[in-house]
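Worksheet: one structure, shown below.
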Amino acid sequence: MKVTQEKCGCCCGTNEMELLLCVKEMIAQYKGKEGSLIQALHTAQKIYGHLPLEVQRVVAEELEVPLATVSGVVTFYSFFSTQPQGEHTIRVCLGTACYVRGGKRIVDKLREILNVNVGDTTEDRKFTFEIARCIGACGLAPAMTIDGEVYKQVNPDKLETILARYYQEEQGVDGNDN
Ligand code: FES
């Protein structure tokens, strides 16, 4: 399986075995350093793209910490993911202001368009679909972000147009008319 997430920039290969070896090599530098687990996990995620159990196991063995500790950290912090991530991350806000002003309709519409549930990645690995809790745009709710870019007063009927830009980008078409 080819892992599409951002790579570490070293000489890693692209198959799982090569990436696991690369993870092992790169995190060896953290061995014996107190408080370095989070940094090691960041490095591992950068290399492998996400942190499934086999990667967590490599980190645990290499740093000589219990697997349960590694798994606990991975599940605690939202910036770690155990699932493969899409090229773009959509986060729909379901904080109070956005929820009241129709955030749920955005979620439902995206589920329909992307054909995935919250927390999942589309089959083409283009989008990962997540929920956020207030992104600081309450005055212009409902809001969502794509790769950190904030979309305000989102109209569910415009979602397909918004997402189309990300496919057009890939084809070298500038579809941004914000
Ligand atoms: S509640 Fe959605 S931006 Fe604050």
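Putting +1 on Lys and Arg Cβ atoms and -1 on Asp and Glu Cβ atoms, find which of Met144, Leu94, Tyr30 reaches farthest to the positive end of the dipole of the chain.
Comparing the listed Cα positions along the dipole, Leu94 ranks first.
What share of the DSSP beta bridges in the chain is antiparallel, in percent to the nearest 5? Could you put the intermediate results ahead of the total?
On the way: 7 of 13 bridges.
Of all bridge pairs located within the chain, approximately 55 percent are antiparallel.
For the chain, modelled as a GNM with alpha-carbon contacts under 10 angstrom, which of Leu63, Leu53, Leu37 fluctuates the most?
Leu53
Full extension from Glu170 to Tyr77: what is 0.36 nm times the residue separation minus their Cα-Cα distance, to one decimal in nm? Could you put the intermediate results ahead of the total?
Working: separation 93, 0.36 × 93 = 33.48 nm, distance 3.06 nm.
Length difference between fully extended and current span is 30.4 nm.
Here, each number is a calculation from the coordinates, and none is a lab measurement. Remember, predicted model here, so these are calculated numbers, not experimental data. Glycine also receives a Cβ, built like all others from the backbone with ideal geometry; neighbour counts cover every protein chain displayed.
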